[in-house]
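Colleague: I'd like to ask some things about the structure below.
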Amino acid sequence: MPDSEAKPLRADAQRNRDRLVASAFRLFVEQGLDATVDTIAKDAGVGMGTLYRHFPTREALIEAAYRSRLDEVCDAAAELVATVSPEEALRTWMDRFLDYISTKRGLKDALHAVISSGGNPFAHSRRRLHDALATLLAATAAAGVTKPGVNAGDVLLSLSGVSLAAGEPEQREQAGRMLDLLLDGLRPRA
């Protein structure tokens with residue numbers, strides 16, 4: 001049954017699922033493919049039956065862990081636009097995007113296992129990221145902070161480039177400067 005048609009989980013079941021996803025994410029980043037479902041279940045404080053009720057395969061758990069981070073960064077766009085200035089929203093989201101890309105690197109081996117099993121954890125990633133960034137760019141353009149009509153796909157590629165050039169934790173200061181340059185390039189010319 002597609003997620004959009006799934007019945008909502010009871011509160012305790014949702015808490016268990018959330019704990020499993022958080023544990024899986026952390027352990028797959030820390031241990032890669034050495035993280036076992038048994039270790040994840042123990043770390044989340046649930047039994048194996050609970051794990052398999054939510055995630056029938058290890059690959060389903062990996063994909064859920066990845067998608068949880070994707071959802072966080074994409075959902076942040078609307079939240080930021082609603083709570084801070086458009087410029088601050090865009091710049092904060094850019095930082096979160098870099099964190100997301102770092103996460104994706106940390107899950108590299110686990111995500112390859114999903115792909116090898118025939119899954120596609122990235123099926124909706126690009127569209128979701130594009131839509132989130134488009135929301136931010138519309139808000140900044142309306143506020144006169146960025147040029148109108150900036151292509152969200154181009155900005156996503158630029159952000160990916162920053163991540164490739166300065167995506168390591170020890171390069172975070174440099175990455176911040178590069179994001180500031182990118183934001184300055186999006187501003188309307190006087």
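The values are calculated or read from the model by the stated rules, or taken from the named source; none is laboratory data. In this text the structure is predicted, and so the values were computed from the model without any measurement. Glycine gets a Cβ as well: all are built from the backbone with ideal geometry, and neighbour counts include every protein chain shown.
Colleague: Condition first: modelled with pLDDT under 85, in contact with a helix residue (DSSP H, G or I) (Cβ under 8 Å, 6 or more places away or on another chain) and of a type in the set (D, E, K, R). Now tell me which residues in segment 82-107 satisfy that.
Modeller: Within segment 82-107, Lys104 is the sole residue that qualifies.
Colleague: Can you run down the residue pairs with Cβ atoms below 7 Å, 6 or more apart or on separate chains, where the first is in segment 137-162 and without any contact (Cβ under 8 Å) to a residue 24 or more places away in the chain and the partner is of a type in the set (D, E, K, R)?
Modeller: Ala141/Lys147
Colleague: Something else: From the list Val21, Val29, Val37, Val46, which residue is in contact (Cβ under 8 Å) with a residue 12 or more places away in the chain, over 16 Å from Ala110 (Cα atoms) and among the aliphatic types (A, V, I, L, M)?
Modeller: Numbers: Val21 fails: over 16 Å from Ala110 (Cα atoms); Val29 fails: over 16 Å from Ala110 (Cα atoms); Val37 fails: over 16 Å from Ala110 (Cα atoms).
Answer to the selection: Val46.
Colleague: Out of Arg53, Arg58, which single residue is out of contact with any Asp or Glu (no Cβ under 7 Å at 6 or more places or on another chain) and under 18 Å from Lys108 (Cα atoms)? Let's see the steps before the verdict.
Modeller: Values: Arg53 fails: under 18 Å from Lys108 (Cα atoms).
Selected residue: Arg58, the only one of Arg53, Arg58 that is out of contact with any Asp or Glu (no Cβ under 7 Å at 6 or more places or on another chain) and under 18 Å from Lys108 (Cα atoms).
Colleague: Quick check on segment 116-138. Is at least one of its residues polar (S, T, N, Q), outside the structural domain of Ala24 (by TED's automatic domain parsing), at pLDDT 95 or above and surrounded by 17 or more Cβ atoms within 10 Å (Cβ to Cβ)? Don't jump to the end; show me each part of the working.
Modeller: Let us first name the residues in segment 116-138 that are polar (S, T, N, Q), namely 116-117, 120, 125, 135.
Now drop any that are not outside the structural domain of Ala24 (by TED's automatic domain parsing), which leaves 116-117, 120, 125, 135.
Of the ones still in play, those that are also at pLDDT 95 or above are 135.
Now restrict to residues that are surrounded by 17 or more Cβ atoms within 10 Å (Cβ to Cβ): 135.
Checked against the condition, which is being polar (S, T, N, Q), outside the structural domain of Ala24 (by TED's automatic domain parsing), at pLDDT 95 or above and surrounded by 17 or more Cβ atoms within 10 Å (Cβ to Cβ), segment 116-138 yields at least one hit.
Colleague: For segment 80-137, enumerate the residues that are part of a helix (DSSP H, G or I), of a type in the set (S, T, N, Q) and over 13 Å from the mean Cα position of the chain (by Cα).
Modeller: Thr83, Thr92, Ser116, Thr135, listed by residue number.
Colleague: Tell me which residues, restricted to segment 138-170, are out of contact with any helix residue (DSSP H, G or I) (no Cβ under 8 Å at 6 or more places or on another chain) and in a helix (DSSP H, G or I). Give the steps one after another, and end with the answer.
Modeller: Step one: of segment 138-170, the residues out of contact with any helix residue (DSSP H, G or I) (no Cβ under 8 Å at 6 or more places or on another chain) are 138, 141, 144, 151, 154, 157, 161, 164, 168, 170.
The answer is Ala138, Ala141, Asp154, Leu157, Gly161, Leu164, Glu170.
Colleague: Let me ask something else. Considering only residues of segment 1-56 that are of a type in the set (Phe, Trp, Tyr) and buried (at least 16 other Cβ atoms within 10 Å of the Cβ), which is modelled with the highest pLDDT?
Modeller: Kept after step one, since they are of a type in the set (Phe, Trp, Tyr), are these residues of segment 1-56: 25, 28, 52, 55.
If we keep only those that are buried (at least 16 other Cβ atoms within 10 Å of the Cβ) as well, we get 25, 28, 55.
Numbers: Phe25: 92, Phe28: 90, Phe55: 95.
By that ranking, first place goes to Phe55.
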